[in-house]
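Before any comments, here is the structure.
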Amino acid sequence: MRIAVAGGTGFIGKALTDALVARGDEVWIITRGSAASKPGRHHLVKTVTWQQLAHEPQLLEGIDGIVNLAGESINQRWTPAAKQRILHSRLWAAEQIGQLVRSLRVKPSVVVNASGISAYGISETELFDEDSKVNVTDYLSEVVRAWEKAADAIPADRLVKLRIGLVLDRRGGAFPLMLLPYRLFGGGRVGSGRQGLSWIHIADMVGLILFCLENSEIRGPVNASAPEPVSNDQFGRAVGRAFGKPHWFPVPASLMRLLFSEMSTLLLDGQRAMPKRALEHGYNFRYPTLEDALRQLARPTS
C-alpha cells in the first residue's frame with residue numbers, strides 16, 4: 001500500500017511509519033518544510049511539505065489511504081494564544097487534507113483522521129461508546145467537536161474519526177511525564193482520583209490505525225482506547241505496582257489548578273470510553289488490560 005501520514009514526525013506518527021515500513025508499505029510523510037528537509041530514515045519513506053502538495057497534489061496521485069495525526073500538542077500551558085494554535089492547527093490540517101483529496105483524480109479509499117475521547121465531555125460515572133452523543137463541557141470537547149466537523153468535510157470514500165485516549169508509550173507522549181513522580185517516589189492520586197481515564201498502549205494505537213485502514217466496513221467514529229478504562233486512582237496504583245514504586249502522595253486539585261490553570265483539566269477531569277466499534281469488527285487488543293500494558297512498559301529495554 002501507499003499511505004500518506006500527516007503528523008508523521010510525532011511519536012504516534014513515527015511508530016505508525018515504522019509499522020508500515022516493516023510490512024513493505026510506501027509511506028509519504030506530510031510535514032512542514034523544516035522537518036521535510038531532513039534525510040529519510042528508510043528508502044520506503046518519502047517526505048513532502050504541505051506547500052509542495054498545494055502546488056503539486058499529483059505527487060500523491062494513486063495513494064491508497066491518508067492518516068491525519070497533525071495538530072499542535074495539548075501538553076502545554078493553555079494561554080489564549082496556545083488555545084488558538086491548538087484549535088487552528090487541527091482545523092487547518094483537516095482543511096488541507098480535504099483540498100488534497102478534492103485535487104486527486106483517483107481518491108484514496110480511506111482517510112483516518114485523529115480526534116479525541118474528549119468528544120463525550122466530562123463525566124465520573126458514565127461509560128461512553130461510539131453511539132454516545134458528542135457533548136461539549138469544556139475546552140477540549142469544544143476543540144474535538146470543531147475538529148470532527150472539519151474532518152466531515154473531507155470528501156473521502158470512507159472517513160474514520162479516531163477518538164484517541166491516553167497513549168501509553170515509554171518514549172513519548174504524556175506517559176513519561178506522568179511516570180516521573182513515581183520515579184521520584186512522589187506518586188499518588190490527582191484530585192479526587194475518581195475521574196475516568198481511557199488509555200491505549202502504543203502498539204494497539206498503531207494496530208488499530210492499520211486495522212481501520214484495511215477494514216472497509218469501518219467508518220465514522222472509532223474509540224482508540226483499550227477495553228478497560230479506569231479511574232485516575234486505579235491508574236496510579238497500577239503504575240506503582242508495575243514499576244515497584246509507592247502510590248501514596250495525593251496531589252490536591254487546588255494545587256493542580258494553581259500550577260496549570262485550565263490545562264489542569266487533563267488530569268482532574270476525564271471520561272471512560274469503550275472501543276465498541278473496534279471490538280465489534282474483530283480487533284484483538286494486544287494489551288487489553290492496564291496491568292499487561294504497564295508490565296510491558298516497565299520491562300527493561302535492551
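Below is a table of values for the structure above.
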read-out	value
Residue of Ser198, Ser261, Ser115 that the Gaussian network model of the chain assigns the largest fluctuation, springs spanning Cα pairs under 10 Å	Ser261
Dimensions (Å) - the chain, Cα atoms, principal axes, largest first	58, 42, 40
Relative contact order %, segment 2-297, counting alpha carbon pairs below 8 Å whose residues are six or more apart	18 percent
Entries in Lys14/Lys133; Lys161/Lys276; Lys107/Lys133 that, when Cα-Cα distance is taken, lie over 21 Å	Lys14/Lys133; Lys107/Lys133
20 Å reach of a label modelled at Glu95, 7 Å along Cα-to-Cβ, counting backbone N of segment 144-158	144-156
Segment 220-296 - Rg (one decimal) and Dmax (whole number), Cα, Å	15.3, 44
Near-label residues of segment 123-145 by backbone N, under 17 Å of a point 7 Å along Cα→Cβ of Asp152	130-137, 141-145
Scattering curve values for segment 199-250, log₁₀ I(q)/I(0), Debye with Cα scatterers, q = 0.12, 0.15, 0.16, 0.32 Å⁻¹	-0.42, -0.57, -0.62, -1.21
GNM top mover of Leu140, Leu166, Leu259 - the chain, alpha-carbon springs below 10 Å	Leu259
Estimated FRET transfer efficiency (Glu26, Asp292; beta-carbon r; R0 25 Å; 0.05)	0.15
Proximal aspartates and glutamates to Lys149, defined as alpha-carbon separation beneath 14 angstrom and excluding residues fewer than eight positions away on the same chain	Glu95
Stokes-Einstein D (µm²/s) once Rh is taken as the Kirkwood radius of segment 98-158 over alpha-carbon pairs, at 20 °C in 1.002 mPa s	164 µm²/s
Potential extension, Arg85-Glu56 segment - 0.36 nm per residue separation minus Cα distance	7.8 nm
Among Ser73, Ser141, Ser89: highest mean-square fluctuation, GNM of the chain, C-alpha pairs under 10 Å	Ser73
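Values in this text are rule-based calculations from the coordinates and carry no lab data. Remember, predicted model here, so these are calculated numbers, not experimental data. Cβ sites come from the backbone with ideal geometry, for glycine too, and all protein chains shown count toward neighbours.
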